[in-house]
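Q: For reference, the structure I am asking about is given below.
The values are calculated or read from the model by the stated rules, or taken from the named source; none is laboratory data. Here the structure is a predicted model, which is why all the values come from computation and not from measurement. Every residue, glycine as well, gets a Cβ built from its backbone with ideal geometry; the counts of neighbours run over all protein chains shown.
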Amino acid sequence: MKFGIFYEISVPRPWGPETERQVYANCIEQCVLADQLGFDHVWAVEHHFLEEYSHCPAPEIFLATVAAKTQNIRVGHGINVCVPEINHPIRIAERSAVLDLVSGGRLDVGTGRSATWTELGGFRANPDLTKATWAEIVRALPKMWMNERYAHDGVCFSMPERAVIPKPYQKPHPPLWVAVTSPGTEIDAAEHGIGALGLTFNDFAEQERRVKGYKKVLQNCEPAGAVNDQVATVNFLYCHEDNAVGQKTGLRLSGTFGYAAAQLVSAREVYASPSYGSFGLLPQVRRQSAVPGEMPGPPPGLAVGDPKRITEVLKNWESTGIDCVNFLLNALETVPQAEVLASMRLFAKEVMPHFKAPAAKPKTPVAAE
Amino acid sequence: MPIFGGYKPTADGLPVIKALAEDRIDLENAQVLALTFEVLSEAAIAALPAALHPPFPTYCSLILRRHDDSPLGPVTTAELRLHARATNHYVGYVLGGFTDNERVSAWLENGYGKRLAVAETVSLKKRHYGFEANVVAGGKTVLNAVVENPTQIAGVDVLHVQNSVLAVLDGAPTLIAEEFEFQIKEARRGPAHYHTLDIAAFGAPTLTVSNHLPATWILADWSYMPVRFVIDPLKPAVAGTRKLGQPAAA
């Protein structure tokens, strides 16, 4: 099983002139350490306008910086919002190709459609249409990358024949993923032959059911491009020698994240539409975060505590059939940077060896022409 | 930490609750129209009690609720709510509103601390093109909105959050949790067009409408619930929420 780190890049108030710069600097320092420790991925979200919760509207720039400072870790754009008012699909293809080139073929491309009115409304995008635009764009991207020239006459965008350049370094193209928050989106992922980038906190049985469903449908998929058959999930990570300290700090981390998430305006909250039948990420974090920074006890799937507990938790996750766990390391800087780094080091030393060879292998991209 | 509202109320001028609502009232076939719009944030944050978090964008819903039959007679209410979070729970903080039934006005004020002024006209009508909402108060039209060609949607897609009402309880300003239960039988959604939208008349003189959202209409069996929770408006809701029958936190 692979391990990644996952960034919303949350920035606590009050926002002084140095606050955002320092948060970005902390995140980059964590990424550099993650690379040295053998983590496999760093993912960064694309969110707009989500005060405190996520100050990460341009992950491609953050990830390019990470790529320039690291050797092996893969960089995941998780996700590109496939809504034309927010990202024209040609620009997604172009930016992704450049990031894949400058990272030496280390890019993973996540796709999605946003789940908040704050973002969709801010760009005057119609929530009713985002499922359709995602489906159209996710099938166009591989063709833009693989075909020398490409023309498109669709519903959400059209373009006369042009060469979308440069082409990605990985051939035929970087792995494609879709963010999975609402139940059933993993089936959409399977239907398109792309990876399921889980962003909700399911229980073990639910996760296993979803992975099985994904793998089953994948066998009969109509691939959007090259098949990426991976399933990833997200978790919090706080690892400490003392289990009680690890759990307490980890719960503060997850509770703080959830409390910040609860202040977002989901699309479903104000815009009645079957396109957003669930709150996505929010219901579970709301349930778990009625009190800021506190929770009654760690849920069985939460990767917080001492190495022994975290190993047991992750073994349970591994048994569900997932390929990767991506960790949120901090929320609103509630955990001091030194403790975050120490947690990562301890995890790499004591937990990772139970799941993979400790020495990180240089990732060799599929041979480029 | 998410920011809090900036309003620190005193008891002055607030409705005084004589006896909190203790009975559940079930009403069949209520029509409920929700007119939703964003408002500029600075004034909205200032208008929210300090117990509550604003969401971003800050937004309001103007809710018209029509009961053709009730123990107090037929009634239509129109109330403006500024949306917020009490800890992580959605609430609609009631700014003000109107009703066409004097007895209902007294019942809401006595039981929930919700002051809805009696107006000449408070109406929610089905029209051939959709729905029309009208409020005339003091000889002046303060709301005239139409929802044209609304499309049918699933009831599960429509949300109606609970109210939070500021009133005086036991001599102190208190946020009353006015809770509802409802079973949606039919739901529609469409764009709202406003001939008149005077939110100042609904208790929001400082707010500015900045962006309109689609309106929803539902037909539902609607229940008014006994009050179970109250919140100290001056403390973060996480510390100031009290279940009735239990002592207030120190």
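Q: I'd like the residue in the stretch A:237-261 that is among the hydroxyl-bearing types (S, T, Y) and either over 24 Å from the mean Cα position of the chain (by Cα) or more than 14 Å from chain B (Cβ to nearest Cβ) (or both) and, out of all such residues, is surrounded by the fewest Cβ atoms within 10 Å (Cβ to Cβ). Explain how you work it out, then say what you get.
A: Step one: filter the stretch A:237-261 for residues among the hydroxyl-bearing types (S, T, Y), giving A:238, A:249, A:254, A:256, A:259.
Subsequent filtering for residues that are either over 24 Å from the mean Cα position of the chain (by Cα) or more than 14 Å from chain B (Cβ to nearest Cβ) (or both) retains A:238, A:249.
On the way: A:Y238: 32, A:T249: 22.
If we take residues in the stretch A:237-261 being among the hydroxyl-bearing types (S, T, Y) and either over 24 Å from the mean Cα position of the chain (by Cα) or more than 14 Å from chain B (Cβ to nearest Cβ) (or both), then A:T249 is surrounded by the fewest Cβ atoms within 10 Å (Cβ to Cβ).
Q: Does A:E208 qualify as being of a type in the set (D, E), within 23 Å of A:S54 (Cβ to Cβ) and not in a loop (DSSP other than H, G, I, E, B)?
A: Against the criterion (of a type in the set (D, E), within 23 Å of A:S54 (Cβ to Cβ) and not in a loop (DSSP other than H, G, I, E, B)), A:E208 does not qualify.
Q: If we keep just the residues of the stretch B:156-181 that are part of a strand (DSSP E or B), of a type in the set (A, V, I, L, M, F, W, C) and surrounded by fewer than 17 Cβ atoms within 10 Å (Cβ to Cβ), which is farthest from the other protein chains (Cβ to nearest Cβ)?
A: Checked the stretch B:156-181; the qualifying residue farthest from the other protein chains (Cβ to nearest Cβ) is B:A172.
Q: Could you tell me whether any residue of the stretch B:17-29 is outside any loop (DSSP other than H, G, I, E, B) and either under 15 Å from the mean Cα position of the chain (by Cα) or under 30 Å from A:V11 (Cβ atoms) (or both)?
A: no
Q: Here are A:L328, A:L332, A:L314, A:L264: which of them is at pLDDT 95 or above and within 9 Å of chain B (Cβ to nearest Cβ)?
A: A:L332
Q: Specify which of the listed residues (B:T36, B:T77) is within 12 Å of chain A (Cβ to nearest Cβ) and of a type in the set (V, I, T).
A: Values: B:T77 fails: within 12 Å of chain A (Cβ to nearest Cβ).
Every option except B:T36 fails the conditions.
Q: Which is more than 30 Å from B:F229 (Cβ to Cβ), out of contact with any Pro (no Cβ under 8 Å at 6 or more places or on another chain) and crowded, with 20+ Cβ neighbours inside 10 Å, of B:V136, B:V142, B:V91, B:V104?
A: Matching residue, one of B:V136, B:V142, B:V91, B:V104: B:V142.
Q: Just one of the numbered conditions (1) in a strand (DSSP E or B); (2) within 18 Å of the chain's Cα centre (by Cα); (3) buried (at least 18 other Cβ atoms within 10 Å of the Cβ) is not true of B:A204; which one?
A: Looking at each condition in turn, B:A204 falls short on (1).
Yes/no matrix, rows are residues, columns are (1) over 25 Å from A:V178 (Cα atoms); (2) among the aromatic types (F, W, Y):
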site	(1), (2)
A:G4	no, no
A:C31	no, no
A:G38	no, no
A:W43	no, yes
A:E46	no, no
A:E60	no, no
A:Q71	yes, no
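Q: Another question, then. Output the number of residues of the stretch A:310-345 satisfying the condition of being in contact with a Pro (Cβ under 9 Å, 6 or more places away or on another chain), crowded, with 20+ Cβ neighbours inside 10 Å and outside any loop (DSSP other than H, G, I, E, B).
A: Adding up the residues that qualify gives 1.
Q: Going through B:L14, B:L72, B:L95 one at a time, which residue ends up being among the aliphatic types (A, V, I, L, M) and either assigned to a strand (DSSP E or B) or within 14 Å of chain A (Cβ to nearest Cβ) (or both)? Working first, answer last.
A: Details: B:L14 fails: either assigned to a strand (DSSP E or B) or within 14 Å of chain A (Cβ to nearest Cβ) (or both); B:L72 fails: either assigned to a strand (DSSP E or B) or within 14 Å of chain A (Cβ to nearest Cβ) (or both).
Every option except B:L95 fails the conditions.
Q: Can we say A:A232 is within 14 Å of chain B (Cβ to nearest Cβ), small (G, A, S) and either part of a loop (DSSP other than H, G, I, E, B) or under 24 Å from A:M1 (Cβ atoms) (or both)?
A: no
Q: Then there's this: Could you list, ordered by first residue, the pairs with Cβ atoms under 9 Å in which the first is in the stretch B:215-232 and part of a strand (DSSP E or B) and the second is at pLDDT below 95 and of a type in the set (D, E), at least 6 apart or interchain?
A: Pairs found: B:T216/B:D157; B:Y224/B:D23.
Q: Scan the stretch A:49-68 for residues that are within 15 Å of the chain's Cα centre (by Cα) and not hydroxyl-bearing (S, T, Y) and jot them down.
A: In the first step, residues of the stretch A:49-68 are kept if they are within 15 Å of the chain's Cα centre (by Cα); the result is A:53-60, A:62-63.
Correct list: A:H55, A:C56, A:P57, A:A58, A:P59, A:E60, A:F62, A:L63.
Q: Right, here's the next one. Hey, among the residues in the stretch B:1-43 that are more than 30 Å from A:L253 (Cβ to Cβ), among the small types (G, A, S) and in contact (Cβ under 8 Å) with a residue 12 or more places away in the chain, which one's surrounded by the most Cβ atoms within 10 Å (Cβ to Cβ)?
A: Ranking the qualifying residues of the stretch B:1-43, first place goes to B:A34.
Q: Hey, can you tell me all the residues within the stretch A:219-244 that are among the hydroxyl-bearing types (S, T, Y) and free of Cβ contacts under 8 Å to residues at least 60 places away in the same chain?
A: None; the set is empty.
Q: Next up: Just the residues that are under 26 Å from A:A115 (Cβ atoms), of a type outside the set (K, R) and not in a strand (DSSP E or B), please, taken from the stretch A:1-18.
A: Of all residues in the stretch A:1-18, those under 26 Å from A:A115 (Cβ atoms) come to A:2-13, A:15.
Filter once more, so that each one left must be of a type outside the set (K, R): A:3-12, A:15.
Within the stretch A:1-18, A:E8, A:I9, A:S10, A:V11, A:P12, A:W15 qualify.
Q: Does the stretch B:101-155 hold any residues that are within 14 Å of chain A (Cβ to nearest Cβ) and either among the β-branched types (V, I, T) or more than 16 Å from B:Q31 (Cα to Cα) (or both), and which are they?
A: Answer for the stretch B:101-155, where residues must be within 14 Å of chain A (Cβ to nearest Cβ) and either among the β-branched types (V, I, T) or more than 16 Å from B:Q31 (Cα to Cα) (or both): B:V147, B:T151, B:I153.
Q: Can you tell me which residue in the stretch A:26-51 is farthest from A:L253 (Cα to Cα), limited to those that are within 14 Å of another protein chain (Cβ to nearest Cβ) and buried (at least 22 other Cβ atoms within 10 Å of the Cβ)?
A: So the residue we want is A:H47.
Q: Further question: Can you confirm whether A:R113 is more than 14 Å from every other protein chain (Cβ to nearest Cβ), at pLDDT 95 or above and closer than 28 Å to A:P160 by Cβ?
A: Criteria not met by A:R113.
Q: Considering only residues of the stretch B:44-54 that are over 24 Å from B:A215 (Cα atoms) and either away from chain A (no Cβ under 11 Å) or modelled with pLDDT under 95 (or both), which is surrounded by the fewest Cβ atoms within 10 Å (Cβ to Cβ)?
A: Among residues in the stretch B:44-54 that are over 24 Å from B:A215 (Cα atoms) and either away from chain A (no Cβ under 11 Å) or modelled with pLDDT under 95 (or both), the one surrounded by the fewest Cβ atoms within 10 Å (Cβ to Cβ) is B:A46.
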